[in-house]
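The values are calculated or read from the model by the stated rules, or taken from the named source; none is laboratory data. Because the structure is a prediction, the values reported are computed rather than measured. With ideal geometry, Cβ positions are generated from the backbone for all residues, glycine too; neighbour counts draw on all protein chains shown.
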Amino acid sequence: MRGFLAIYRRELAGLFYGPLAWTLLSLAFFANGYLFVFFLKSSGGDVDIAVRLALGQSWTFWALMVLVPPLLTMRMISEESRTGILEFLLTSPVSDASVVLGKFGAATTFLAVLWSPVFVYALVLGGLGVSPDTGVLVGGWLGATMASALFCSIGLLTSTITNTPVLAAFAGVLLNLAIVIAPQLAGLFDRPIVLEAVRRIDVLDHHRNSFLLGVLDTSYVAFFAAWTALVLFLTVRLLEARRWK
Amino acid sequence: MISVSHLTRRFGDFTAVDDVTFHVEKGEVVGFLGPNGAGKTTTLRILAGYLPATGGDAKVAGFDVLRQSMEVRRRIGYLPESVPLYREHRVIEMLQFQARLHGLARDVTKRRIGEVLEKVGLVDRQRDLVGHLSRGLKQRAGLAVALLPDPEVLILDEPTSGLDPLQRIEVRNLISTLSTRHTVLLSSHILSEIEATCPRVIILHKGKVAADGLQSSLVHGPGHVSHVRLEAVVGADAAAAIALLRSIRGVRDVVDRGRLGIHHQFDVVCDEDLREDVGALAAARKWALRELSWRRPTLEQIFARIALGTRDEVVPPASAAGANPTAVSRSPATTTATGASTSTTNVPNGAGAERAPAPTAGASLPISSAPAPKKIVYNLNPFDMGAARDLGKPKAVDGPTPTAAEKRAEESAGG
């Protein structure tokens, strides 16, 4: 735990020391704000629909989800492996799991902040007398954060595989894209078994049918937690395996 | 403090560390010496807990580096060659991060940061970004980070690599001060660093321990003899001079290295510096002296013999190229250079001396009548191209390019 906290703090600080985090935040805040106004207009003033669109019902949300996490995580292990900092961390009295979890936690926190402007929008709308449903708002944000956690873990996995950050980001984007468009691709096969299999691992569906409805279903929480834990476990194992190469 | 037994590490088919065994006692400063690729870094990484060993055991402070890795990591300060520090952090932030990794209490952290900054001389630069530090200062910052938890064992991989001579001296002095408090294991392929810093040396070659011991015992080991070099006019009867030299108390042998013009050169093999006795003999016999020097084998020469597999005598480039042309022309194929060896550190080698028999007085030519010696260039760094290069074959270079006027003169003479 001590090691996790130390690395978590370092990574979070490290993100904000560089220009990438500020650039991503600026662009995402601008896009979120612009799109929220657009969603509000297109929904005829229904704030709940606008919140749902901003936090998972629109393709723009998933486009950000596919692109931003790999950009955040691409350097976290691959770059440090190249510069030797990973050697420093892995010879410190902290476990490999603490190193991975610290980095993962920092990236997920950053994305949680990235999705948080909806609370500001809700406050502003509340001041105008049209508050969105709290369940939808909090559930949507929590679902977005949990989905971000899964995508961040995938980004860390690809960052562990290669020592080239750009390649790690590219592989991460491809994997994320595959997850997002898997339901559409499964439709092409028109085989019940494939459709059922994909439905069970459909990230979009699990986010939309629970969190965005303002319902906190533990099975849906467990879905994201389990997949994220599995990918993180693989990342830790891969990190250990690097020592044997 | 450090116990390594039959340590082996393979990378696929390549064996980087091959059955290495050594022990380091508490408070020792041990230098790991070896050319690039000898297995130094791999051994240090295994000890630091970064790499697992393929076979054998390694223990630090009684804890197994693989099975009790956390215990080992708490007790070591490891500074890899690349000096891994976050460029975007200030020096003090890097130290605070290290303190958090080691779980140091706040008051201890504050005290230790002050102590290590003082020790490495970075008190004034603690607010500087690591990325803005020079290579030498960065090295010092890396040392401060490694020292922060006050480790029992300090493992430094090439701590002076990439530094300029002044920075090297600074880091070397710093390491010397650390030896009072920590067990230090440091690696280098720069022999002078090890010679200056580490009383005990472990020479690695192709993954194996080629030599292990105190510098003094290594340089005085079997086959490594010291001698007095005498160059004097002794007349035609060199055998009589040799007999006289042999009669000096303490002389083990006298090697006749042949005649150089009117002078004769002898190596008086002995364990102690007998220059005064030899000089007194020369004065008594009225021998005109040109050289009387005390020569001892250096670690560098021993290392070169191990690393390059050569048993040949080391001839300094200066004497080989200019001052002593006949010595070079006598046996150029048996000469080699081993870095910054000076004329006072050469050592006679039995094999080399045998392969370069002294010419008889009649056979040696006066310098003036000898053909102009070909300029020979010796590479002063024997490690830059690996041991595969045949250092026994000196590289000849052309003389100065003829001027246009000389060319015209040659053409007109030819035409």
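The set of residues in the stretch B:80-107 being of a type in the set (G, A, S) and either within 25 Å of B:T42 (Cα to Cα) or more than 8 Å from chain A (Cβ to nearest Cβ) (or both) consists of B:S82, B:A99, B:A105.
Criterion applied to A:V94, A:V124, A:V99, A:V68 was being away from chain B (no Cβ under 14 Å), more than 15 Å from the chain's Cα centre (by Cα) and either among the hydrophobic types (A, V, I, L, M, F, W, C) or farther than 30 Å from B:P52 by Cα (or both), and the one residue passing it is A:V124.
If only residues of the stretch B:37-57 that are part of a helix (DSSP H, G or I) and within 12 Å of chain A (Cβ to nearest Cβ) are counted, the one that is surrounded by the fewest Cβ atoms within 10 Å (Cβ to Cβ) is B:T41. Does the stretch B:293-304 contain any residue that is of a type in the set (D, E, K, R), part of a loop (DSSP other than H, G, I, E, B), buried (at least 16 other Cβ atoms within 10 Å of the Cβ) and at pLDDT below 75? Scanning the stretch B:293-304 turns up no residue that is of a type in the set (D, E, K, R), part of a loop (DSSP other than H, G, I, E, B), buried (at least 16 other Cβ atoms within 10 Å of the Cβ) and at pLDDT below 75. The residue of the stretch B:229-250 that is modelled with the highest pLDDT, among those that are part of a loop (DSSP other than H, G, I, E, B) and farther than 11 Å from B:L274 by Cβ, is B:S247.
Residues checked against (1) among the aromatic types (F, W, Y); (2) at pLDDT 90 or above:
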{"residue": "B:N36", "(1), (2)": "no, no"}
{"residue": "B:A58", "(1), (2)": "no, yes"}
{"residue": "B:D64", "(1), (2)": "no, yes"}
{"residue": "B:R73", "(1), (2)": "no, yes"}
{"residue": "B:Y78", "(1), (2)": "yes, yes"}
{"residue": "B:S82", "(1), (2)": "no, no"}
{"residue": "B:H89", "(1), (2)": "no, yes"}
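Take the conditions surrounded by 18 or more Cβ atoms within 10 Å (Cβ to Cβ) and within 14 Å of another protein chain (Cβ to nearest Cβ) and apply them to A:F4. Does it pass? Spelling it out, A:F4 is indeed surrounded by 18 or more Cβ atoms within 10 Å (Cβ to Cβ) and within 14 Å of another protein chain (Cβ to nearest Cβ). Scanning the stretch B:59-74 for residues that are in contact with a helix residue (DSSP H, G or I) (Cβ under 6 Å, 6 or more places away or on another chain) and in contact (Cβ under 8 Å) with a residue 40 or more places away in the chain gives B:V60, B:A61.
The rows are residues; the columns are (1) in contact (Cβ under 8 Å) with a residue 40 or more places away in the chain; (2) under 22 Å from A:L156 (Cβ atoms); (3) surrounded by fewer than 24 Cβ atoms within 10 Å (Cβ to Cβ).
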site	(1), (2), (3)
A:F88	no, yes, no
A:A97	yes, yes, yes
A:V100	yes, yes, no
A:K103	yes, yes, no
A:A107	yes, yes, no
A:A112	no, yes, yes
A:V120	no, no, yes
A:G127	no, no, yes
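In the stretch B:16-24, the count of residues that are acidic (D, E), closer than 22 Å to B:I194 by Cα, more than 9 Å from chain A (Cβ to nearest Cβ) and outside any helix (DSSP H, G or I) is zero. Within the stretch A:8-31, residues that are within 13 Å of chain B (Cβ to nearest Cβ) sit with their Cβ atoms under 7 Å from residues that are of a type in the set (D, E, K, R) and assigned to a helix (DSSP H, G or I), at 6+ positions apart or across chains, in these pairs: A:E11/A:K103.
If I filter the stretch A:38-52 for residues that are charged (D, E, K, R), surrounded by fewer than 23 Cβ atoms within 10 Å (Cβ to Cβ) and within 14 Å of another protein chain (Cβ to nearest Cβ), do I get at least one hit?
Scanning the stretch A:38-52 turns up no residue that is charged (D, E, K, R), surrounded by fewer than 23 Cβ atoms within 10 Å (Cβ to Cβ) and within 14 Å of another protein chain (Cβ to nearest Cβ).
Can you tell me which residues in the stretch A:159-181 are closer than 18 Å to A:L64 by Cβ and crowded, with 17+ Cβ neighbours inside 10 Å? Across the stretch A:159-181, the qualifying residues are A:A169, A:G172, A:V173, A:L175, A:N176, A:I179, A:V180.
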